[in-house]
Structures are given as C-alpha cells and as structure tokens.
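Visitor: One structure follows; several queries about it will come next.
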Number of protein chains: 2
Amino acid sequence: MSKILAALSDPTRRAVVERLMTGQASVSALHTPHDMAMPTFLRHLKVLEDAGLIRSVKRGRVRTCQIAMGPIHELQGWLEWQTTLRDDRPS
Amino acid sequence: MSKILAALSDPTRRAVVERLMTGQASVSALHTPHDMAMPTFLRHLKVLEDAGLIRSVKRGRVRTCQIAMGPIHELQGWLEWQTTLRDDRPS
C-alpha cells in the first residue's frame, strides 16, 4: 500500500495512469505530453512498474505499457474499509 | 491530491487515520500504540493535518484529533473516475 500511494502521489505519474486507463500506449506516446527529459520520464514509469500499477512489454524497438488494476482495487478496498469503520462508530 | 496521497503513503499515518475513523482521540492516546518518540509522531500528525486529513483542537493541555472526510472522498472520487475511464475504453 505504501508503494502504491507513493507512486500515485506525483502528478506526472497520475497523468500516466489516467492515460493508460483508456488503453495501452507506447513509452514514446506516453512521454509526448510531458515536458520532461526521457530519462526522467522513464524513472517515473519505473516507480509505477515497481508499485505494480503498470506492466510493459518490449516488441522490437517499441516498449508498450498497460495499466494493472490490482493496486487500484486494493486502494479502493482500503478506502471502502475506512468509510465502513467511520459508519460503524458509536455516535 | 499529491499531498493527500503522500500523507497516506506512510504506515504510521495510515494507522492514525484508521484509528480516527472510529472516533476522535487525544494526541497522547494516538501516540500510545506507536513505538516512536513523541516529536517524530507529532511530525506525522502535522503531515496529516497539512493534507487536510485530520483536524485538531486544544482544550487546556489536551489536544484532540478527528478525521476530516473531504480528502478521503476526493481520493475515492479520483479512483472511481479512473475505473470509469477504463470501463469506457474501446474494446
């Protein structure tokens, strides 16, 4: 959970997640909207991949990324549990 | 959103949020289960307060904290929007 939340705490990384929710994309296409050197952008992708939020495969010279929903659902589950704790508290 | 996610990316701070979901508590009571010096613990509370996740009031010598649900709902809204993006993508 700590890794997932830290990965999503950066606006560039959240923008990548938002983009990949609409379908897979190449690293180059993901990089285009971001005014940032490629090595810096690749470090952001690595943080997302290490947190399990994205997966990537390389075919020839093109690396393609896709979203992995597991961590998103894990985070949703934690938040849902929190609101349940709150609803159950004695008034 | 970045501040909220960064605040929740630490296990001590998530434990405080989980505790406060069941009702308000004094700083001293919140600190008890954590094997950590009080100044370190107070820095964690400050991060949560700066992110808008908790509020605190001091009455005499006792500071009492309570959860603020706004940022939690904001985060839930963002995640819900993400899953909507995913469901809407062309197959």
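The values are calculated or read from the model by the stated rules, or taken from the named source; none is laboratory data. Everything quoted here is computed from the prediction, not taken from an experiment. Here Cβ is always computed from backbone atoms with ideal geometry, including for glycine, and neighbour counts include all displayed protein chains. Quick note on the areas: whole protein, heavy atoms, side chains included, nothing else; ligands and nucleic acids left out. Shrake-Rupley method; radii C 1.70, N 1.55, O 1.52, S 1.80 Å.
Yes/no matrix, rows are residues, columns are (1) touching a residue at least 12 places away in the same chain (Cβ under 8 Å); (2) aliphatic (A, V, I, L, M):
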{"residue": "B:T12", "(1), (2)": "yes, no"}
{"residue": "B:S26", "(1), (2)": "yes, no"}
{"residue": "B:H31", "(1), (2)": "no, no"}
{"residue": "B:M36", "(1), (2)": "yes, yes"}
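Visitor: For residues in segment B:53-73 being open to solvent by 30 Å² or more (accessible area, probe 1.4 Å) and in contact with a Gly (Cβ under 9 Å, 6 or more places away or on another chain), which is farthest from A:L8 (Cα to Cα)?
Guide: B:Q66
Visitor: Still on this structure, I have one more. For segment B:10-27, which residues satisfy the criterion of being within 12 Å of chain A (Cβ to nearest Cβ) and not in a helix (DSSP H, G or I)?
Guide: Those that are within 12 Å of chain A (Cβ to nearest Cβ) and not in a helix (DSSP H, G or I): B:D10, B:T22, B:G23, B:Q24, B:A25.
Visitor: Scan segment B:58-68 and tell me whether some residue there is more than 9 Å from chain A (Cβ to nearest Cβ), over 17 Å from the mean Cα position of the chain (by Cα) and of a type in the set (S, T, Y).
Guide: The initial filter retains those residues of segment B:58-68 that are more than 9 Å from chain A (Cβ to nearest Cβ), namely B:58-66, B:68.
Narrowing further to those that are over 17 Å from the mean Cα position of the chain (by Cα): B:58-62.
Next cut, of a type in the set (S, T, Y) only: none.
No - not one qualifying residue is present in segment B:58-68.
Visitor: Of A:L48, A:L30, A:L85, which residue is open to solvent by less than 60 Å² (accessible area, probe 1.4 Å) and within 11 Å of chain B (Cβ to nearest Cβ)?
Guide: A:L85
Visitor: Can you tell me which of (1) open to solvent by 80 Å² or more (accessible area, probe 1.4 Å); (2) assigned to a helix (DSSP H, G or I) is the one A:D35 doesn't meet?
Guide: (2)
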